[in-house]
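Student: The structure is given below, and queries will be raised subsequently.
The values are calculated or read from the model by the stated rules, or taken from the named source; none is laboratory data. These figures come from a predicted structure and were not determined experimentally. With ideal geometry, Cβ positions are generated from the backbone for all residues, glycine too; neighbour counts draw on all protein chains shown.
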Protein chains: 2
Amino acid sequence: MRRIKNAFYAQSGGVTAVINASACGVIETARRHRALIGKVYAGRNGIIGALTEDMIDTSRETAAAIAALRHTPGGAFGSARYKLKDLETHRAEYERLIEVFRAHDIGYFFYNGGGDSADTCYKVSQLSKKMNFPVQAIHVPKTVDNDLPITDTCPGFGSVAKYVAVSTREAALDVASMAKTSTKVFILEVMGRHAGWIAAAAGLAGKDAGEAPHIILFPEIPFDKKQFLKHVAATVRDHEYCVIVVSEGAAWPDGSFLADAGRTDAFGHKQLGGVAQTIAQMVGDELNLKYHYAIADYLQRSARHIASAVDVEQAYAVGRAAVEMALAGQNAIMPAIVRKSDRPYRWKIEAAPLARVANREKKMPRRFISKNGYGITAACRRYLEPLIRGEDYPPYRDGLPKYVKLKGISVPKKLNTDFVV
Amino acid sequence: MRRIKNAFYAQSGGVTAVINASACGVIETARRHRALIGKVYAGRNGIIGALTEDMIDTSRETAAAIAALRHTPGGAFGSARYKLKDLETHRAEYERLIEVFRAHDIGYFFYNGGGDSADTCYKVSQLSKKMNFPVQAIHVPKTVDNDLPITDTCPGFGSVAKYVAVSTREAALDVASMAKTSTKVFILEVMGRHAGWIAAAAGLAGKDAGEAPHIILFPEIPFDKKQFLKHVAATVRDHEYCVIVVSEGAAWPDGSFLADAGRTDAFGHKQLGGVAQTIAQMVGDELNLKYHYAIADYLQRSARHIASAVDVEQAYAVGRAAVEMALAGQNAIMPAIVRKSDRPYRWKIEAAPLARVANREKKMPRRFISKNGYGITAACRRYLEPLIRGEDYPPYRDGLPKYVKLKGISVPKKLNTDFVV
């Protein structure tokens, strides 16, 4: 009979409205297999919690609290932007991981994140082979950027997509009513560092000619200022107002971002911000049109109140599948969503090898962007539409969503050594 | 028997998530009194529609379309920032109004707006007396700024309040999970030019010590940079992260706005924007903390998807009451909401004389702001809490809210004269 091992679960990178739904899927499924999996320990602040032996004992949480993770945004255990370096050159980190995992009898590693995390997870999956420590590492996909390869979509994306599409439709009605005497141009800045998936989702807000959004600025299409201003002016002339959705990753033909704040995050990515203002000033200065702009920032990826039901379901499903695949003996894989049909949207979960997932970015295909570069095509719409389906409202109390706060009881430390990250 | 007269209805100023619910209340109530009120003509783009004889015949809309106004944000007939000038010095405008009203047999004037519109409505209400044209003018209150006097609250505010409180709670969970290795300070910029009501609503997101928002910057409290930065640093030290909600009207001790874009709108108000960035740079430069900021802008006031049920109900109720009061022979009044109790929230509608409403701004009382100036008091909470109660979700199709688009059939013109506004 197989010996019972504990599991380690951690959240990594930017959190989403549904990353806790994946956590819920992992923990609830593990609890249903107590004969095979012992306890699920969650890293406090992601992988850092493993390195510093700072873990939360999820077995101390009630079933109701774990169930409530399904409707609670943010990262309930804390996330981290921390990328493990190469196994060959930074052996100490991996030795520490093994030390902690061994001390707590951890045989399963569930890592919930995006592309960078898939890379970390892949490195951990190699510990059996390269450092003779038996661990099964499964990557639980998550990223609002929707840029993981193989999987049809990434949990977290559908809810941002829905938020952006709904907000664009709503704000457009506002601007349309103000245009006669006031605001003529409205700009909404959305996330998406290198891929325009989130910006594309705004395209779902309107379909018919003249309907907002009138212009989407994708990172994939080099920004042509002259052409852009011409298009804005024509839109205002024809429809009295113009709604523009701009990706934070929109860039000039030379590849530099329209808004380059110059700061960098822990992964070495440039921290962006301010593209909305850049576009707004352009419109104000060169066309002399009154504008307003909104920057959705964290609101878009934490908006659990308007989460997509499909997204919530998929987020839970990849968490559940991760545990089931681990129990089936798999290692170095990611439960990927496979689309079987568009309408009705049917999908299933299949294991994708992490070697094929890590460090690859899925960009928007050019055929998803309209010929003039400012809109989405019917093919893109067919792809996106199912992902924002259904409303999965959280429960409310006194007019506010009831989000759970876990007890977060620490697993007693067994090691006497500190590890500085 | 009283002769049947038609009614004129118009939307004015910034629109809200529920201004159409008031339109719905006006039109549905008028339809229930066909023996007394003929048709309801809506000004296309507000009062400008009256001056240019450009009106929409609401009797051409189906009952279902009118009912759907209740859940549709924005201004379905178009709004306008256009303030009628003094009757004494700008007689031509009033003569034109009378010419149009006479041509279309209009005896009721329902004007749906905020403080500036109350002033316009009051001027129109004086036409009987001063220019011998019989018209009953009723002001239907609306403003997200919540700054109309007498009424307990202004329809439109409760839904923005709910949006801001929900968004703050959600974004706070996001930042809290990122704080260990990434963003430590999150700033949300909200509306509220001169009054901090909307910013105050963010305070509902948290209650216990340490819960977000940690700092609210009100227009009512002169900004003290040194004190502010000290408070941010202390919050990050104690709680690892800091959520700041800042009103667009936040100002320096000399009264100048933290963000002064220098532009002005049609009412002569300064158009603001950029205070979030000002605060963010301060935090980055002086405290060297990683920040993110969001600017809700139009998203907050058009977010019908998360409207407050109480707000929707009140918006409809003031529309209905306006018609009923007109039929009862009243003039120069505004249906005001009168609070009868906090918990349970009980309220009724009473007529308030427009002379006491126009051109008065209701500021946040100092006793609603905590002693240190960064939070709300229990009294403020008691006032605000009932206003965000209940969720009034719109219907959805394919993952997006089904908002109505009216046919908008024009009333045939009867005058051959043009009027340039």
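Student: Identify all residues within region B:14-45 that are within 14 Å of chain A (Cβ to nearest Cβ) and touching a residue at least 60 places away in the same chain (Cβ under 8 Å); write none if there are none.
Tutor: Residues of region B:14-45 within 14 Å of chain A (Cβ to nearest Cβ): B:14-23, B:42-45.
Those that are within 14 Å of chain A (Cβ to nearest Cβ) and touching a residue at least 60 places away in the same chain (Cβ under 8 Å): B:14, B:15, B:16, B:17, B:18, B:19, B:21, B:22, B:23, B:44.
Student: Additional query: Which ones in region A:74-103 are of a type in the set (A, V, I, L, M, F, W, C) and within 14 Å of chain B (Cβ to nearest Cβ)? Please lay out each step first, then the result.
Tutor: Taking region A:74-103 first, the residues of a type in the set (A, V, I, L, M, F, W, C) are A:76-77, A:80, A:84, A:87, A:92, A:97-98, A:100-101, A:103.
Result: A:76, A:77, A:80, A:84.
Student: So, one more: I'm checking my understanding of the structure. Among residues of region A:140-170 that are in a helix (DSSP H, G or I) and hydrophobic (A, V, I, L, M, F, W, C), which one is surrounded by the most Cβ atoms within 10 Å (Cβ to Cβ)? Give the steps one after another, and end with the answer.
Tutor: First, pick out the residues of region A:140-170 that are in a helix (DSSP H, G or I): A:157-170.
Of the ones still in play, those that are also hydrophobic (A, V, I, L, M, F, W, C) are A:157, A:160-161, A:164-166.
Numbers: A:157: 31, A:160: 34, A:161: 30, A:164: 30, A:165: 30, A:166: 29.
This residue is A:160.
Student: Tally the residues that are in a loop (DSSP other than H, G, I, E, B), among the small types (Gly, Ala, Ser) and either surrounded by 15 or more Cβ atoms within 10 Å (Cβ to Cβ) or touching a residue at least 12 places away in the same chain (Cβ under 8 Å) (or both), restricting the search to region A:316-369. Lay out the reasoning, then the answer.
Tutor: Going through region A:316-369, the residues in a loop (DSSP other than H, G, I, E, B) turn out to be A:328-332, A:342-345, A:357-365.
Those left that are additionally among the small types (Gly, Ala, Ser): A:328-329, A:332, A:358.
Those left that are additionally either surrounded by 15 or more Cβ atoms within 10 Å (Cβ to Cβ) or touching a residue at least 12 places away in the same chain (Cβ under 8 Å) (or both): A:329, A:332, A:358.
The number of residues fulfilling the criteria is 3.
Student: I'd like to verify a number: residues in region A:145-190 that are in contact with a Lys or Arg (Cβ under 7 Å, 6 or more places away or on another chain), touching a residue at least 24 places away in the same chain (Cβ under 8 Å) and within 11 Å of chain B (Cβ to nearest Cβ), how many?
Tutor: Total satisfying the criteria: 2.
Student: Please tell me if residue B:137 is over 30 Å from residue B:303 (Cβ atoms) and more than 10 Å from every other protein chain (Cβ to nearest Cβ). Please lay out each step first, then the result.
Tutor: Working: over 30 Å from residue B:303 (Cβ atoms): yes; more than 10 Å from every other protein chain (Cβ to nearest Cβ): yes.
It is true that residue B:137 is over 30 Å from residue B:303 (Cβ atoms) and more than 10 Å from every other protein chain (Cβ to nearest Cβ).
Student: Still on this model: Counting only residues that are under 22 Å from residue A:297 (Cα atoms) and in contact with a Ser or Thr (Cβ under 8 Å, 6 or more places away or on another chain), how many does region A:168-188 have?
Tutor: 6
Student: Please enumerate the residues belonging to region B:278-302 that are touching a helix residue (DSSP H, G or I) at 6+ places or on another chain (Cβ under 6 Å) and facing chain A (nearest Cβ under 8 Å).
Tutor: B:292, B:293, B:294, B:295, B:298, B:299, B:301, B:302
Student: Looking for something closer than 24 Å to residue A:293 by Cβ, at pLDDT 95 or above and not charged (D, E, K, R) - is there at least one such residue anywhere in region B:231-244? Steps first, please.
Tutor: Taking region B:231-244 first, the residues closer than 24 Å to residue A:293 by Cβ are B:243-244.
Next, only the ones that are at pLDDT 95 or above stay: B:243-244.
Restricting the remaining residues to those that are not charged (D, E, K, R) gives B:243-244.
For region B:231-244, residues closer than 24 Å to residue A:293 by Cβ, at pLDDT 95 or above and not charged (D, E, K, R): present.
Student: Which numbered condition trips up residue A:53, out of (1) on the phi > 0 side of the Ramachandran plot; (2) out of contact with any helix residue (DSSP H, G or I) (no Cβ under 6 Å at 6 or more places or on another chain)?
Tutor: Here residue A:53 meets the rest and fails (2).
Student: Name the single residue that is farthest from the other protein chains (Cβ to nearest Cβ) among those in region A:375-421 being in a helix (DSSP H, G or I) and basic (Lys, Arg).
Tutor: Checking each candidate, the answer is A:382.
Student: Can you work out which of the residues in region A:384-404 that are surrounded by fewer than 20 Cβ atoms within 10 Å (Cβ to Cβ) and hydroxyl-bearing (Ser, Thr, Tyr) is farthest from residue A:117 (Cα to Cα)?
Tutor: Filtering first and then ranking leaves A:396.
Matching residues to (1) of a type outside the set (S, T, N, Q); (2) touching a Leu at 6+ places or on another chain (Cβ under 6 Å); (3) surrounded by fewer than 22 Cβ atoms within 10 Å (Cβ to Cβ):
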{"residue": "A:184", "(1), (2), (3)": "yes, yes, no"}
{"residue": "A:188", "(1), (2), (3)": "yes, no, no"}
{"residue": "A:194", "(1), (2), (3)": "yes, no, yes"}
{"residue": "A:219", "(1), (2), (3)": "yes, no, no"}
{"residue": "A:222", "(1), (2), (3)": "yes, no, yes"}
{"residue": "A:230", "(1), (2), (3)": "yes, no, yes"}
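Student: Kindly indicate the residue of region B:303-347 that is more than 14 Å from every other protein chain (Cβ to nearest Cβ) and of a type in the set (Phe, Trp, Tyr) and also nearest to residue B:36 (Cα to Cα) among those meeting that condition.
Tutor: Ranking the qualifying residues of region B:303-347, first place goes to B:316.
Student: With the checklist (1) surrounded by fewer than 13 Cβ atoms within 10 Å (Cβ to Cβ); (2) closer than 30 Å to residue B:212 by Cα; (3) in contact (Cβ under 8 Å) with a residue 12 or more places away in the chain in hand, flag the one item residue B:381 doesn't pass.
Tutor: Among (1) surrounded by fewer than 13 Cβ atoms within 10 Å (Cβ to Cβ); (2) closer than 30 Å to residue B:212 by Cα; (3) in contact (Cβ under 8 Å) with a residue 12 or more places away in the chain, residue B:381 violates only (1).
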